[in-house]
Amino acid sequence: MTNPLDPVKLQDALAAVHRAGMPGIFAEVRDGDETWRGAAGVADVDTGRPVTADMRHRVGSVTKPFTAAAVLHQVENGEIGLDTPIGHYLPRLVPGERGAVITVRMLLNHTSGLAEYLPHAYPSLAAFPAVAKTSPKSLDDHRFTRFHPTELIALGVAAPATRAPGCRPGVYSNTNYLLLCQLLELVTGISAEKCITRDVIDPAGLRDTELPSGSDLTGPHSMHYEAWFGMIEPPRDYSVFDMSWVGPAASLISTVADLNRFFGLLLDAEIVSRSSLAQMQRTGPVISFEGKIIEYGLGLHKVTVPGGGTYWGHDGSAWGSGAMSMISADGDRQLSFAVNLQRWNTLDPQGRPQPHPIDAALQAFTQLALGD
């Protein structure tokens, strides 16, 4: 059983994240019919402009449940088969034996074995632990670079496979979701952005949520400060950035209120059908970008909170921005928060992130918000 909302304790815990070194953090917590919103810190370190709970924010891979829901809509329409090989639909993008074996389900739950394209799209940004040997120069060089999704997919397909298709644990990869976006475009005849907006964002009434077409972040928003593990000092703002490097796999702009609304409707089977939701909640082990084992379904991450039960949702990051949205299995308790600094940890000589006060403070706030 979760504890009731305590506005004073929640605000104090939020302020502790700011004191630990986070420029700004804002959140919305729901408990049944009760809602608390709070913010702490600044949206702009130069002007001191405060963050507010209604700000729009790049939420990174929290986009993936939206994309997965759009795919499930087409499964319900009979246009896509969950267990149909992706090569049946996109033989040029995933040719040969892999295209004949990797299914749509494997893309959704990250068991395709297709590698992450990111280190190849941004050559100076390598995955852990080699990140210690790199520099953040690519961020500045490619702030306005327009990538085409098929060239990014080709990089991931050409890279050595991380696993045989279908093997567990799976390995998290944006290549999977860019392929799903191409699949949506094939079967609907419109862009993935328009499809997700038409079938998911608009019906859910998410007025402050969009998949951007350009580099700007419009409306009330914070700066997005990227530290790149201490290699950018002071951290630099990347709120203006061409998000074609991830597209509808991780480019969503939203608010904490909209995220809570989305996941609430999703678990009420108002975004997809009850049977589709059950498919989304069939989980297995997946290795995250950070090398941790997570329980992952079809675009949904399952988290077990000590004393707080089971939660569903997703987290995400872009350059300088981070977000998380979680909802309890019974739908009563929800948390969405956003932060405006990323990769605040420094690295040891082996490239492993070292503990930072922000980590403990953020964990304490999350546990409190989820009712632990």
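The values are calculated or read from the model by the stated rules, or taken from the named source; none is laboratory data. Note that the structure is a prediction, hence the values are computed from the model and not measured. Positions of Cβ are generated from backbone atoms using ideal geometry, with glycine treated the same way; all protein chains shown enter the neighbour counts.
Taken together, the residues in the range 11-51 that are β-branched (Val, Ile, Thr), part of a loop (DSSP other than H, G, I, E, B) and in contact with a strand residue (DSSP E or B) (Cβ under 6 Å, 6 or more places away or on another chain) amount to 1. Only one entry of Val45, Val59 meets the criterion of being among the aliphatic types (A, V, I, L, M) and closer than 28 Å to Thr2 by Cα, and that entry is Val59.
Would the range 363-371 turn up any residue that is more than 19 Å from Ala16 (Cβ to Cβ), assigned to a helix (DSSP H, G or I) and in contact with a helix residue (DSSP H, G or I) (Cβ under 9 Å, 6 or more places away or on another chain)? Quick ask: steps written out before the conclusion?
Taking the range 363-371 as the starting set, the residues that turn out to be more than 19 Å from Ala16 (Cβ to Cβ) are none.
No, the range 363-371 has no match at all.
Reported count of residues in the range 249-293, each being over 29 Å from Gly38 (Cβ atoms), modelled with pLDDT of 95 or more and not polar (S, T, N, Q), is 12.
Tally the residues that are part of a loop (DSSP other than H, G, I, E, B) and surrounded by 13 or more Cβ atoms within 10 Å (Cβ to Cβ), restricting the search to the range 292-309. Steps first, answer last, please.
So in the range 292-309, the residues part of a loop (DSSP other than H, G, I, E, B) come out as 292, 297-300, 306-308.
Applying the additional criterion that residues be surrounded by 13 or more Cβ atoms within 10 Å (Cβ to Cβ) yields 297-300, 308.
Looking only at that region, the number is 5.
Scanning the range 135-187 for residues that are surrounded by fewer than 14 Cβ atoms within 10 Å (Cβ to Cβ) and acidic (Asp, Glu), we see that the one that is nearest to Val94 (Cα to Cα) is Glu151.
Please enumerate the residues belonging to the range 224-248 that are of a type in the set (S, T, N, Q) and either over 14 Å from Arg143 (Cα atoms) or modelled with pLDDT of 95 or more (or both). Spell out how you get there, then give the answer.
So the first thing to find is which residues in the range 224-248 are of a type in the set (S, T, N, Q), and the list is 239, 244.
Ser239, the sole residue that qualifies.
Of all residues in the range 188-233, those satisfying the criterion of being surrounded by fewer than 20 Cβ atoms within 10 Å (Cβ to Cβ) and free of Cβ contacts under 8 Å to residues at least 40 places away in the same chain are Gly189, Ile190, Ser191, Lys194, Arg198, Asp202, Ser213, Gly214, Asp216, Glu233.
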